[in-house]
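Working notes for the structure below.
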Amino acid sequence: MPGEIYVVKTGVENYFWESCRKGNFVALMFEQPYYDTWLADDREAYFELTAADAPKGSNPTTVKGNATAWFNYGLKIRDSRGDIFICRDGDNVYWATTTDAPWFATPHEHAGQPIVAVCKPVDKWTRFTAKGDKALRWETTHNRGKDFLSPYTALFRIDDEEMRDYLDAMLHGDDLMPWHSQSKWKIKQGEHKGKTLGNTVAVVEFVVAELMLSISQTVKQANGQVILSVKSMKNKELIGPEAEMKEHLRQLYIEQEGRCKISGIPMHVPGQDDKNPDLMVSPDRIDSSGHYEKGNIQLVCRFINYWKCATDNSKFGDLLDLVIEHRKTTS
């Protein structure tokens with residue numbers, strides 16, 4: 001096994017990827033002032049820069065957490081040896097392993113801003129398995145793998161042990177059936193047969209696992225956004241032990257009888273036949289300014305979650321009623 005497995009995006013929109021691929025290195029982007037304080041190992045100055053760029057009223061703890069994460073991202077790139085990095089380029093999935101060669105910096109300009117790329121050499125970027133007998137493509141990547149290979153941050157470490165083992169096997173061209181043959185992997189891939197899922201124990205457990213994954217990814221996205229997006233970041237945290245949250249989600253799904261809390265529409269779950277992505281079960285914070293914690297979560301259809309955004313339940317319900325009444329009078 002490698003030291004670590006990371007998923008990386010080389011700058012906003014992955015704009016620096018071609019330079020990385022052709023030069024055989026992995027890179028992380030810093031705006032010039034941030035790079036200068038990072039290079040000087042001056043964390044306090046780095047925190048001050050981040051705080052100055054943060055929107056007014058930002059939570060100081062969140063701002064410092066994001067600054068710490070980015071400062072450490074640079075260190076992970078700089079000090080990496082024998083770690084696997086994965087980068088998606090359209091339908092191609094590339095990977096490479098960092099070498100013992102020293103890191104270097106590449107100054108350039110992007111979107112009118114002076115940028116410095118902190119670069120670490122890799123053996124060679126490839127879109128084939130280590131055995132060289134199979135191309136790695138996004139289209140044929142298992143849906144469960146895609147969940148982890150779609151990073152919300154510039155640098156994302158795979159810390160799930162099962163997924164680390166799976167990705168290592170995938171990259172090296174080993175047999176993937178030990179994972180693909182498992183029920184939860186089949187359901188995720190849409191191989192589950194049977195139109196009525198109901199509230200069986202197996203289905204409920206799978207729904208809970210998917211909801212926890214959704215919450216985890218949302219929290220990571222909110223607390224580790226790229227630095228150019230710091231002005232739009234919102235802090236979202238998971239409050240309480242994960243086991244308690246799982247039990248809470250389980251009870252919510254059963255109590256709501258699999259129906260959207262706001263619309264009453266039966267929610268769809270991954271794996272059911274003829275599923276509609278807009279109707280998929282989704283965890284929604286009742287008070288959007290709060291966190292993911294007991295008493296502040298309801299299960300809704302995904303489209304309701306998108307539409308509701310930061311609106312409170314009462315106001316959103318009133319707006320839905322207006323839409324319904326209007327459609328009745330115009331139909």
| query | Can you pull out the trypsin sites (Lys or Arg not before Pro) in the stretch 33-100 that DSSP calls coil and that have at most 10 other Cβ atoms within 10 Å? | reply | 56
| message | With a 1.4 Å probe and all protein chains kept in place, how much accessible area does residue 218 have, in Å² rounded to the nearest 10? | response | 30 Å²
| Between residue 261 and residues 5 or more places away or on another chain, which pairs have amide H atoms under 5 Å apart, with H built 1.01 Å from N, and which residues are they? | 299, 300, 301
| Quick one: how many Å² of residue 250 are accessible to a 1.4 Å probe, rounded to 10? | 50 Å²
| field | Listed residues 82, 99, 69: farthest to the positive end of the dipole of the stretch 61-103 (Cβ charges) | value | 69
| Candidate residues 140, 37: accessible-area rank, largest first, probe 1.4 Å | 140, 37
| remark: Here the net charge surrounding residue 120, from other residues whose Cβ is less than 11 Å away from its Cβ (Lys, Arg +1; Asp, Glu -1), is 0
| Largest first, how would 95, 307, 179 line up by accessible area (1.4 Å probe)? | 307, 179, 95
| field | Sequence of 126, 61, 50 when ordered by accessible area, the most exposed leading, probe 1.4 angstrom | value | 61, 126, 50
| request: Quote the accessible area belonging to residue 79 in square angstrom, nearest 10, computed with a 1.4 Å probe and with ligands, DNA and RNA left uncounted. | output: 80 Å²
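The values are calculated or read from the model by the stated rules, or taken from the named source; none is laboratory data. Predicted model, so just to flag it, every value in this text is computed and none were measured. For neighbour counting, all protein chains shown are included, and Cβ atoms are generated from backbone atoms with ideal geometry for every residue, glycine included. Side chains included, ligands, DNA and RNA excluded: accessible areas come from the protein's heavy atoms. Shrake-Rupley method; radii C 1.70, N 1.55, O 1.52, S 1.80 Å.
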